[in-house]
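Peer 1: Below is one structure. I have some questions about it.
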Amino acid sequence: MLYALHDLQRTALSPWNYFAKASHEFLTSPFSPLAHWPSSRRLAANAELFYRLTQDFAKPEFGLDHTVVAGERVAVHETLVVDKPFCKLIHFKRELPAGRPADPVVLLVAPLSGHHATLLRDTVRAMLPEHEVYITDWVDARIVPLEKGPFHFDDYVDYVREFIRFLGPDMHVISVCQPTVPVLAAVSLMASMDEAVKPRTMIMMGGPIDARKSPTAVNNLAMQKPYSWFESTLIHRVPLRYPGSMRRVYPGFLQHMGFVAMNPSRHAEAHRDFYGHLVAGDDESAAAHRKFYDEYNAVLDMPAEYYLETIKRVFQEFQLPKGRMFVRELLVRPQDIKKTALLTVEGELDDISGNGQTSAAHDLCTGIPKARREHFTTPGAGHYGIFSGRRWREVIYPRVRDFIRLNA
């Protein structure tokens, strides 16, 4: 019912949203006589702030149409290589000159935790010059028809295993945040079954391998609330006008409210500053605000089964570090991994996955020789700084690149 009411509210606001957007364009167009009024800039700022606060943000584009390889600009094309109901495997295919040696193949497993895979745009951009990059592009559950069936935690692990097999034995897998757990489970099962295809390296960044260590607000919420609270409060059915109507999901708009609630004063201040930039004519600062919030406000619905099972298995029962995680009735045994090198990366100031949660993988992967295991804590980096921004590009990426090549 809550999802339907939210959708009804957005529909009711849509005429006002369109009016505000049209007013903004009319007040800022150089061909409009109103653009030269003394108060036009302030009125336009009000209109833009209103329509941005009342609109639904579409999934952003990666926008990576080129990169630079060995000093030469080359074109990049997004190519769909595996199409699953809940995930699309995308290859950023580079137009490389003939005869150039092959670069390492990297599977970048994006989190299924509210935002789109485009949140890892900067991660992909940094890796493109020296790697063949593939990324998991998770599908918004509200557009997946009900007849496609549910999506469980075990299905996530199956997807990762299928993608690893598809990319072949010389690939490397990088998991960012939430997928560190299902990725470790997938590689563990492949090692236990001695499959022919195994990743050369696992690189795990800012994930809850053992959520008991340095608990954050996210971990505390999962422990303070019973499983029944998450199911009764956060799970709703998709309204009828969407392709996935009647599917049970954790709606994106509720996830967005949770993101904002973690630091509401910062977001309020950002919007006040945005209004001030618009009135003052500071186009550069206003553009930076739009760019950030176009990505931040674009959210997707998560399948209810997957979300609830992740809460229970990862954040309440700690099945993986306790050695009690089963996938398809098979026990997950990280100690069976012997041929895959392991690098873990954490941020010193990470308030999503606390210090020690990711490095806990080393305590589990005892079959990997110490010489092929590394850990790095990034000074001054928060959660997003692990995979985006200056620290990612200048500090973390060089370590990731060198680790991949050392173990290729």
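The values are calculated or read from the model by the stated rules, or taken from the named source; none is laboratory data. Quantities reported herein were computed from a predicted structural model and do not represent experimental measurements. Cβ coordinates were reconstructed from backbone atoms using ideal geometry, including for glycine residues, and neighbour counts include every protein chain displayed.
Peer 1: Please count how many residues of the range 358-375 are touching a helix residue (DSSP H, G or I) at 6+ places or on another chain (Cβ under 6 Å) and either surrounded by fewer than 20 Cβ atoms within 10 Å (Cβ to Cβ) or at pLDDT below 95 (or both).
Peer 2: 3
Peer 1: For Val299, all conditions in the list (1) over 30 Å from Asp7 (Cβ atoms); (2) out of contact with any Pro (no Cβ under 7 Å at 6 or more places or on another chain); (3) not aromatic (Phe, Trp, Tyr) hold save one; what is the number of the exception?
Peer 2: (1)
Peer 1: Assuming Leu2 fulfils every condition listed in (1) free of Cβ contacts under 8 Å to residues at least 60 places away in the same chain; (2) loosely packed, with under 15 Cβ neighbours inside 10 Å apart from one, which condition is it?
Peer 2: All conditions are met except number (1).
Peer 1: Within the set of pairs 6+ apart or on separate chains, which have a first residue in the range 223-242 that is within 17 Å of Phe315 (Cα to Cα), a second that is surrounded by 10 or more Cβ atoms within 10 Å (Cβ to Cβ) and polar (S, T, N, Q), and C-beta atoms under 8 Å apart?
Peer 2: So the pair list comes out as Met223/Gln316; Tyr227/Gln316.
Peer 1: Those residues that are outside the structural domain of Ile135 (by TED's automatic domain parsing), outside any loop (DSSP other than H, G, I, E, B) and among the acidic types (Asp, Glu), I need them from the range 41-93; list them, please.
Peer 2: Glu48
Peer 1: Limited to the range 349-399, what total is found for residues that are under 23 Å from Phe62 (Cα atoms) and either touching a His at 6+ places or on another chain (Cβ under 9 Å) or hydroxyl-bearing (Ser, Thr, Tyr) (or both)?
Peer 2: Residues that pass the stated criteria total 3.
Peer 1: Sticking with this one: From the list Thr136, Thr201, pick out the single residue that is among the polar types (S, T, N, Q), more than 17 Å from the chain's Cα centre (by Cα) and at pLDDT 95 or above.
Peer 2: Among Thr136, Thr201, only Thr201 is among the polar types (S, T, N, Q), more than 17 Å from the chain's Cα centre (by Cα) and at pLDDT 95 or above.
Peer 1: Looking at Thr123, Thr180, which one is polar (S, T, N, Q), within 19 Å of Gly63 (Cα to Cα), under 15 Å from the mean Cα position of the chain (by Cα) and modelled with pLDDT of 95 or more? Working first, answer last.
Peer 2: On the way: Thr180 fails: within 19 Å of Gly63 (Cα to Cα).
Within the list Thr123, Thr180, the selection yields Thr123.
Peer 1: Looking at Asn263, is it surrounded by fewer than 15 Cβ atoms within 10 Å (Cβ to Cβ) and not charged (D, E, K, R)?
Peer 2: So Asn263 fits the description; yes.
Peer 1: Among residues belonging to the range 23-46 that are aliphatic (A, V, I, L, M) and over 14 Å from Ala286 (Cα atoms), point out the one that is surrounded by the most Cβ atoms within 10 Å (Cβ to Cβ).
Peer 2: Leu27
Peer 1: Would you mind stating whether Ile174 is under 19 Å from the mean Cα position of the chain (by Cα), crowded, with 22+ Cβ neighbours inside 10 Å, at pLDDT 95 or above and closer than 21 Å to Gln357 by Cα?
Peer 2: Yes, satisfied.
Peer 1: From the set of residues in the range 320-340 that are among the β-branched types (Val, Ile, Thr) and in a loop (DSSP other than H, G, I, E, B), which is nearest to Asp154 (Cα to Cα)?
Peer 2: So in the range 320-340, the residues among the β-branched types (Val, Ile, Thr) come out as 327, 332, 337, 340.
Still in the running and in a loop (DSSP other than H, G, I, E, B): 332, 337, 340.
Working: Val332: 11, Ile337: 19, Thr340: 22 Å.
Among them, the one singled out is Val332.
Peer 1: I'd like to check something: does the range 370-381 contain any residue that is on the phi < 0 side of the Ramachandran plot, part of a loop (DSSP other than H, G, I, E, B) and assigned by TED's automatic domain parsing to the domain that holds Met204?
Peer 2: yes
Peer 1: Consider Tyr51 against the criteria (1) surrounded by 17 or more Cβ atoms within 10 Å (Cβ to Cβ); (2) within 26 Å of Pro182 (Cα to Cα): it satisfies all of them except one. Which criterion is unmet?
Peer 2: Among (1) surrounded by 17 or more Cβ atoms within 10 Å (Cβ to Cβ); (2) within 26 Å of Pro182 (Cα to Cα), Tyr51 violates only (2).
Peer 1: Taking Pro182 as the residue in question, decide whether it is assigned by TED's automatic domain parsing to the domain that holds Tyr384, in a helix (DSSP H, G or I) and crowded, with 24+ Cβ neighbours inside 10 Å.
Peer 2: For Pro182, the condition - assigned by TED's automatic domain parsing to the domain that holds Tyr384, in a helix (DSSP H, G or I) and crowded, with 24+ Cβ neighbours inside 10 Å - is met.
Peer 1: Something else about it: Between a first residue in the range 60-75 that is more than 13 Å from Pro97 (Cβ to Cβ) and a second residue that is in a loop (DSSP other than H, G, I, E, B), which pairs have beta carbons less than 8 Å apart while being 6 or more apart in sequence or on different chains?
Peer 2: Filtered contacts from the range 60-75: Pro60/His116; Pro60/Ala298.
Peer 1: Which of the residues belonging to the range 204-226 are over 24 Å from the mean Cα position of the chain (by Cα) and in a helix (DSSP H, G or I)?
Peer 2: Listed by number, the list holds a single entry, Gln224.
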